[in-house]
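Colleague: Take a look at this one; I'll ask things after.
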Amino acid sequence: MNEPDDATALHSVSARPAPAVRRLWIAIAIVAGALVVINLLAQGLDRAVGGDRPGGATGSSYATAPGGLAGFGSLLSRYHHDVARQRGPIPDHLPPDDATVFVLEPNALTTDAASTLLQFVTAGGRLVVGGESPFYLRSLRDTPPQWRPGGAASWTKVDRSLGNVRDIQGAGQGSWSSIGSGRAVVGDGAAALLTRDQVGRGEIYFLADVSPLENAYLANGDNAAFGLALAGDAGRPVVFAEGVHGYGTSRGLAAIPDRWKVALILVALAALAFVWSRARRFGPPDQSRRELPPARAEYVQALSVSLERTRDDAGALAPAQRWARARIAARAGLGAQAGDEALARAARSLGCPEDEVAVLLAPVLDEASILALGRAVARVGGDGRMQ
């Protein structure tokens, strides 16, 4: 098979990307991919916790949106109430008997939760419950107030039990058309914002419209004083039931949904697989470039020029003669001290003609002898190397 010439080989090598450049592009791709994944995860977590914009569930003391109660919670803390946020199911955490519990705009209120709240109120606690479309009223009282959408945006008929509250302003989202077994505290029997039921040693306040306590309306009218009056005397513990808004007991990493955890694990495994597929394997380092075969034509020409300059053909080609004789002796099984006759017979047995035999036994004298020696070396060469 013919060897490719040097120009073709060099062109082939130069056309291939250098390993250092390839590793650089791989590193850039890994970093870019990692940044994209981190950005997507950050955006997902940002949306999950509400981000840097007001958000959260309506009626939740965690919520900073207009319909949240974060401002109300801060107000109670400023006025010396010990504010707690109860996460998870209500039956798992029975509030203290001297506390006020706010259950506002609940998404769900189970029978067990209603029973726990009634037990709390009967023992002396205060429950403030309400919101739009109150589906839970029958779970708390046999004759509850009747809710209807729409109501006054300003309530000025306020019972003296609420102190100096004179004007309560809201969004008019709802009102009580019938006060049931309780009595009206804000409004009257025909239309009320707040009613009160005595239950055992405690009391339940039914709030038809939560908006006066929300962030958007808390600063209007006497709404702040109204909220403080509902909480009770200064120093009374206040508990916001947050489990009814979907807040579980788990926090931190444990609060991450299982589907998110599976997705994060799969993303991590995919990233590791990509890095492993692109990483350098253990072993010797890669060469910076492929070793090319020697330029034989140029080498032979240079060697011939050097030999010609010596003007001593016999001395220059003596190593080739010695190598050829040693090679013939080895192939014929002769010893290192074999004589010329034995070597001549061995050379003939290997197919060497008389001119090649003669040049192996006598010094090189002319150009014909040089060519004959070259043919003899090629004939007996095999896989051997000159010593």
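The values are calculated or read from the model by the stated rules, or taken from the named source; none is laboratory data. All values reported here derive from a predicted model rather than from experimental measurement. Backbone-built Cβ (ideal geometry, glycine too); neighbour counts: all protein chains shown.
Colleague: Assess whether Ala241 counts as being among the small types (Gly, Ala, Ser) and in contact with a Ser or Thr (Cβ under 7 Å, 6 or more places away or on another chain).
Modeller: Criteria not met by Ala241.
Colleague: Next question. Across the stretch 213-226, what is the number of residues that are surrounded by 24 or more Cβ atoms within 10 Å (Cβ to Cβ) and over 42 Å from the mean Cα position of the chain (by Cα)?
Modeller: First, pick out the residues of the stretch 213-226 that are surrounded by 24 or more Cβ atoms within 10 Å (Cβ to Cβ): 213-214, 226.
Restricting the remaining residues to those that are over 42 Å from the mean Cα position of the chain (by Cα) gives 226.
Count: 1.
Colleague: On the basis of being within 23 Å of Gly125 (Cα to Cα) and surrounded by fewer than 19 Cβ atoms within 10 Å (Cβ to Cβ), does Gly235 make the cut?
Modeller: Judged against the criteria, Gly235 is a match.
Colleague: Now for a separate question. Please work out which residue is modelled with the lowest pLDDT, limiting yourself to the stretch 90-120 and to residues that are farther than 22 Å from Trp147 by Cα and among the hydrophobic types (A, V, I, L, M, F, W, C).
Modeller: My answer is Leu94.
Colleague: Looking at (1) surrounded by 18 or more Cβ atoms within 10 Å (Cβ to Cβ); (2) closer than 18 Å to Ala219 by Cα; (3) β-branched (Val, Ile, Thr), find the lone condition where Thr156 falls short.
Modeller: Going through the list (1) surrounded by 18 or more Cβ atoms within 10 Å (Cβ to Cβ); (2) closer than 18 Å to Ala219 by Cα; (3) β-branched (Val, Ile, Thr), Thr156 breaks only (1).
Colleague: Would you please list the contacts, defined by Cβ atoms under 8 Å and residues six or more apart or on different chains, that run from a residue in the stretch 79-105 that is not assigned by TED's automatic domain parsing to the domain that holds Gly200 to a residue that is of a type in the set (D, E, K, R) and at pLDDT 90 or above?
Modeller: Close Cβ pairs satisfying both conditions: none exist.
Colleague: Looking at the stretch 299-332, which of the residues that are exposed (fewer than 13 other Cβ atoms within 10 Å of the Cβ) and either hydroxyl-bearing (Ser, Thr, Tyr) or at pLDDT 75 or above (or both) is nearest to Ser349 (Cα to Cα)?
Modeller: Here the answer is Pro319.
Colleague: Can you tell me which of Arg126, Arg47, Arg87 is basic (Lys, Arg) and at pLDDT 95 or above?
Modeller: Arg126
Colleague: Let me ask another. For the stretch 163-171, check the following and say yes or no: at least one residue is at pLDDT 95 or above, under 20 Å from Leu213 (Cβ atoms) and basic (Lys, Arg).
Modeller: yes
Colleague: Evaluate the following for Thr58: is it β-branched (Val, Ile, Thr) and in a loop (DSSP other than H, G, I, E, B)?
Modeller: yes
Colleague: Just one of Val129, Val121 is more than 43 Å from the chain's Cα centre (by Cα) and within 13 Å of Phe206 (Cβ to Cβ); which is it?
Modeller: None of the other options fit; the residue is Val121.
Colleague: A follow-up question, please. Have a look at Val210, Val186 and point out the one that is closer than 16 Å to Phe226 by Cα, surrounded by 14 or more Cβ atoms within 10 Å (Cβ to Cβ), touching a residue at least 60 places away in the same chain (Cβ under 8 Å) and aliphatic (A, V, I, L, M).
Modeller: Val210
Colleague: Restricting the first residue to the stretch 167-182 and requiring it to be closer than 13 Å to Ala152 by Cβ and not assigned by TED's automatic domain parsing to the domain that holds Pro134, which pairs with a second residue that is among the polar types (S, T, N, Q) and assigned to a loop (DSSP other than H, G, I, E, B) meet a Cβ separation below 7 Å and a spacing of at least six or different chains?
Modeller: Close Cβ pairs (under 7 Å, with a partner that is among the polar types (S, T, N, Q) and assigned to a loop (DSSP other than H, G, I, E, B)) do not exist here.
Colleague: Tell me which strands (runs of 3 or more DSSP E) are completely within the stretch 63-135 and hold 1 or more residues being surrounded by fewer than 18 Cβ atoms within 10 Å (Cβ to Cβ), or say none if there are none. First the steps, then the outcome.
Modeller: Working: elements: 83-86, 100-104, 126-130.
Output list reads 83-86.
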